[in-house]
Amino acid sequence: MKQIFENYKNKSVVSNINFLTTAPSARALHNSEEYIMKTLRCHLSCLTRKRFLLGILAIPCLLSTSAIAQTNLASGKAINATSTVDVYTAGNANDGNQSSYWESQNSAFPQSLTVDLGSTSNVNRVVLKLPNNWGSRTQTLSVAGSTNGSSYATLVSSNAYVFDPNNSNNVTINFAGADVRYLRLNVTGNTGWPAAQLSEVEIYGEAGNPEPRDAFAQIKATSYNNMSGIQTEDTSDTGGGRNIGWIDDGDWLVFEDVDFGSGANSVNARVASDHAGGVIELRLDSVSGSLIGEVDVGYTGGWQSWVTESANVSVDGVHDLYLVFNGTATGGLFNLNWIEFDTDGNNPDPDPEAPSVPQNLAVTGTTSSSISLSWNSVSDADGYEIWRNGSLLTSTSSTSYQDAGLAENTEYTYTVRAFNQAGSSANSNSVSATTDSNNNPDPEGTNVAADKTVTASSTLSFLSVNNAVDESAATYWESNSNAFPQTLTVDLGSTHYISQVVLKLPNDQAWATRTQTLSVQGSANGSSFNNIVSSAGYTFNPNSANTVTISFAETTARYVRLNVTGNTGWPAAQIAEFEVYGYPDPVPPATPQNVTVAGGTSATLYLTWDSADLAQGYEVLRDGTVVADVTATSFQDTGLTQNTSYTYRVRAYNQFGESAESDPVVGTTLDESQNPGPSDQRGANMPYDIYQAEDADVGGGAQIVGPNRTIGDIAGEASGRRAVTLNSTGSYVEFTTEADTNTLVTRFSIPDAPGGGGITATLNMYVDGQLEDTITLSSKHAWLYGPETNPGNSPGAGPARHIYDEANILFDRTIPAGSKIRLQKDAQNTSQYAIDFISLEQVAPIPNPNPGAFITPNGFSHQDVQNALDQARMGSAQGVYLPAGTYQTSNKFQVYGKPLQVIGAGPWYTRFETPTNQTNTDAGFAVSNSANGSTFAHFAFFGNYTSRIDGPGKVFDFNGVSDMTIDNVWAEHQVCMFWGASVHDSTIKNSRMRNLFADGINFTNGSSGNHVVNNEARSTGDDSFALFAATDNGGGIVQNNLYENLTAMTPWRAAGLASYGGQGNTFRNIHVEDTLVYSGVTISSLDFGYPFTGFQANPTTNFEGITILRSGGTFWNNQVFPGLWMFSASKSFQGIRITDLDIIDPTFHGIMFQTNYVGGQPQNVFQDTILTNVTISGALPNPAYPNRSGFGIWANPMPEAGQGPALGTVEFNNLTLINNGVNIRNDSPEFTIIVND
């Protein structure tokens, strides 16, 4: 993928809607006229809705002077969120930096963001922002306000707001002035990413001078003006909201301007503690001010077991009230929810009493995992404590409670207490109940729906139906809105005896109580369903983990369906987990059919067969002997004798027995001379030789690891997918040189630092047994974590990836051919090491081509070089010569005014470096069209990037220029080497790209006539070589570009070669190997939401002489990608010609054809697509994806939820398929694959 697509990958979907507001949607209605009138303050009273939609683009935005002059009251204030992801914390939303942002947990709406203004202010406007380089999206949200942090009133009802990059991704919400201290944004939807996202929340109004606090009204602890040491958390106490906690000895908080009137003589404090507690000192006007009283707090039964403690005080007038906390307990003293003062004159009940005892506690229902209770209401109670088996369970304001998550067939005893500010009542009567017992063979029951195939009548694109069976209640499925009834159906795979369904929503207080009306249905065949449980309302309550259990008499079904007809919490069906409990029908599996020998080599035969009903696994018999026990429907039999026949049978088994053996099939190994391989060597011809570590000599405990395709694994991310580890003292890998060399580059992996950021280590190098030098290695630029779409540097973000980097050294002598170069871990080399390969090259400095015509900088600073460029520009010099040395730079060199030649002494000698004590410094060359015809040659550019960032980080960022030459440039640790928009007739040649965080080379926006020739890219963080036919930044169609003699190795994100649209472009003599997570080559007409030109019929787009080796991976929600991915998407897909294509050993399959769908409808079909002289070998089933791998050619019928089968026609001439699990798999009924001899 290209960096121009990063707005999509970094959670943005570009919209073509340019209106300032949205039309009514399923989630919210937006009164467009009223909104525009308030925002623009224009007189539009006579404007109809139709006229508004047609004419709004012509109306200027006129902000009032008073609005502009207002102060952002949210700046630097306390802010918190219901959830965050990784480094995208709530604090990013009011840090004054529009580039940083808050993001909530994904697929878990609703989410909220709350700002504490510190004191009550009159507010009337909110401005919301996203990073201004993100694509358009619509977020649905409401605005609420509160004076106490617990009771919120709606200020602006839920509306859909468009964040448009053409409007700097800013949204302004005006409303009638309101007095609030806390302002909350409740977000329920986002069309660009399945999470709430905000980079800045600005609140405007008049701060003013609020009235003093009333001491005789309840003061929420979280409404403090300042504090030391404490934190806040959600509270389960009556009234909800948040309490303060994590209180230690010496912590304090202050409430400013508290009015005690003519006097207060008592105070009540709502507290909870799981420890010995402590003391609350009440002091006036400072931490050490006058002590007016002390509240003793003891053990209450838990951190959320709330009681009211009282103390005498003596105070009058207006003061700043300080609460100073003292105690000796470690791990926290107590929690505090609120305080309230009292006086005999203001208290109608000078001697408050605890409430009466609740009466008639009773058990109202049981299941195998829950017990329901009810009791009579107590008139003077604030709430009720539920005690189970003598321990406090929770508190509630209701007179009923369902205790969920219990063990089956187990007795529990309950009592209930009422409480108010004066304390708690005595215990109610005691009741006992025993949970139900399942009658399954397994007494604990089994969720037989987990990870099974599940379908829905509708689904939102980012709330996958698979979320309902992924065994995580944090993710959920949601249907289309306002479209009841909706169904959710799970296929158990075979007939099961079932007796219980458990339904869950996310266990989060943000998911308020709701009732969904539904029935449970069953079917034997998936088409005719009968009611198992008739329609009823089921309440999901966060106090009982948002879990509903539905038990019923044992019945049989293969398909179990929920038919949902209503939801009081949202106008759609919502299920986080659909669990079905039961056991399979005790029947042995069917006999495997269509056992096939799919191919082989001189020592290996590949077997495949159809899945057998009810099978848990398969035994493979060779010549009557069991040689394998597998769960996949394929097997690779190795270690065989060449030119020998073997007979195979397969039988299936499950816990109830074995099937009969399949029909026999005979396979014969090849002669060694017949083993398949690339037809010839393709790619770049670079001036260095690569020596793979696994082919070298190893000793001293060194280990050759691999092969595998596991991301984050030493072998799985190595070229050739094998490497050598040096983990013990004395272990080594030794290479014999084939040519003279005075340089060495090694691709290596060493561990990350425990908290990220990398480590530095050394490794000794020997030549012919003598210590030659020590090379320094660093993992600073490696080790990313989390999903492949947007990994980060924090080890806590998820699984590791991008674990390799490179190091280089220039020797002070020439090492002759035939020498032995050894990398060895000695005692002083303290890390663990993995070596992938080394490359060796003989180099010499390139002299000044014409000392009389080239300016030489006076030094090695950025300004020295810029001065030389300016001198050459303003004089008669041809350019600037950069002698050998290291040049420091931290920004862009400006090249303009006339064509210049910027020439170095060679990339081993002339090197630009960005500051090593910084990261992600944007530096490189900015060139204007007044310098058309310039040349940049023979130097290296080493950056300090450690993560992916959209926009900056390009060594060459060209726009609107022509006739440029980039020759023999080495770029490493940057985002991109080259990005060109509307660039013409330019050449990039003989260059090397290493360890980048996005594309190597990408031309876009009408670029034409360019020549990319003889370049090698290793470990790029996006497409190594790309062409994207966007038109958003000017230019016409991308056409007549030639990419040839190119090599891409180990791209760690995206493809080695990618072509998106255009015409007359040619790609030839290209070698791609070991793409880690994506296709080796991508040919796609997806526009990613940008103005874009699809593939044109004439002139054709041509691919000639392409080798794709060991490529493919998983990306975008575990979609599997092939060696060659062809995607007919948002624009036309036609005029494609592919000749002489070799795909060898793909990770999943050779070629995948896929069509994009929007709203359930296909966009464009395959037309006029011809492939000639194609060989695909070694596409074998992958056990992790047995139903989506092992195909030489695959027409994908369902890439992900909401998509559909491939459409159109493709044609093959001279197609050769060898050693594939299945040669051609076409499950797309309207897709035709024509194969000619």
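We did not get these values from a lab; they are worked out from the coordinates using the rules stated. What you are looking at is a predicted structure, and each value in this text was computed from that prediction instead of being measured. Here Cβ is always computed from backbone atoms with ideal geometry, including for glycine, and neighbour counts include all displayed protein chains.
Residues whose amide H lies under 5 Å from that of Gly383, counting only those 5 or more places away or on a different chain, are Phe419; hydrogens are built 1.01 Å from N in the peptide plane. For the stretch 446-575, the relative contact order comes to 31 percent (Cα pairs under 8 Å, sequence separation of at least 6).
Cα centroid distance between the stretch 1176-1237 and the stretch 604-629, in Å? For the stretch 1176-1237 versus the stretch 604-629, the Cα centre distance is 23 Å. Grouping the Cα pair distances of the stretch 73-181 into 5 Å bins from zero gives a pair-distance distribution of 2, 11, 19, 25, 25, 13, 4, 0 percent in increasing distance order.
Label-to-label distance, Val626 versus Thr1216, with points set 7 angstrom from Cα along the beta-carbon direction: 4.0 nm.
Quick one: compute the contact order of the chain, relative version, from alpha carbon pairs under 8 angstrom and 6+ residues apart, as a percent. Walk me through the intermediate numbers first.
Details: 3797 pairs, mean separation 65.9, N = 1237.
Value for the chain: 5 percent.
You can think of it this way: the chain between Val1235 and Asn850 has 132.7 nm of extra reach, that is 0.36 nm per residue less the Cα-Cα gap. Placing +1 on the Cβ of every Lys and Arg and -1 on the Cβ of every Asp and Glu, with no other charges, gives the chain a dipole of roughly 3260 debye about its Cα centre.
The slack in the chain from Ser168 to Ser432, taken as 0.36 nm per residue of separation less the alpha-carbon distance, amounts to 88.8 nm. Dividing the mean sequence gap of close Cα pairs (under 8 Å, 6+ apart) by how many residues the stretch 590-660 holds gives a relative contact order of 36 percent. With Cα atoms defining each centre, the stretch 982-1010 and the stretch 699-720 are spaced 32 Å apart in the structure. Take the Cα of Lys820, step 7 Å toward its Cβ, do the same at Asn929, and the gap between the two points is 6.2 nm.
Amide H contacts of Thr987: Met964, Thr965, Ile966, His1011, each under 5 Å away and 5 or more positions distant or on a separate chain (H built 1.01 Å from N in the peptide plane; Pro and chain starts excluded). Whole-Hz Karplus values for the stretch 1084-1096 come out as 8, 10, 6, 8, 6, x, 8, x, 7, 10, x, 5, 9 Hz, taken residue by residue from phi with 6.51 cos²θ - 1.76 cosθ + 1.60 and θ = phi - 60°; glycine and proline positions read x. Eigen-decomposition of the gyration tensor built on the alpha-carbon atoms of the chain gives equivalent ellipsoid semi-axes of 57, 42, 31 angstrom, largest listed first.
Projected label points at Asp234 and Val587, each 7 Å from Cα along the beta carbon direction, are separated by 4.5 nanometres.
In the chain the longest region clear of GluC sites (Glu not before Pro) that are loop-assigned by DSSP and have at most 15 other C-beta atoms within 10 Å covers 739-1199. Evaluate E = 1/(1 + (r/R0)^6) for Thr154 and Ser400, where r is the Cβ-Cβ distance and R0 equals 30 Å; express this FRET efficiency to the nearest 0.05. Computed FRET efficiency for Thr154 and Ser400 comes out at 0.60.
Residue separation of Thr776 and Met874 scaled by 0.36 nm, minus their Cα-Cα distance, works out to 31.0 nm of gained length.
In terms of distances greater than 31 angstrom between alpha carbons, the cross-link table entries Lys780/Lys825; Lys954/Lys1131; Lys898/Lys954; Lys129/Lys892; Lys452/Lys1131 yield Lys452/Lys1131.
Please sort 745-751, 915-921 by packing, taking for each peptide the average over its residues of neighbouring beta carbons within 10 angstrom, highest first.
745-751, 915-921
By the helix-only formula, in which each DSSP H run with n ≥ 4 contributes -39500 (n - 2.57) and the sum is divided by residues, the chain has a 222 nm mean residue ellipticity of -1000 deg cm²/dmol.
Shape summary: the stretch 596-673 maps onto an equivalent ellipsoid whose semi-axes, from the alpha-carbon gyration tensor, are 25, 11, 10 Å in decreasing order. The stretch 725-773 and the stretch 164-202 have Cα centres separated by 52 Å. Taking amide hydrogens as placed 1.01 Å from N in the peptide plane, the amide H of Gly798 sits under 5 Å from those of Gly786, each at least 5 positions away in sequence or on another chain. Against the chain, whose longest principal axis comes from its Cα atoms, helix 862-874 is set at around 60 degrees. The order of the peptides 979-986, 709-716 by mean Cβ neighbours within 10 Å, most packed first, is 979-986, 709-716.
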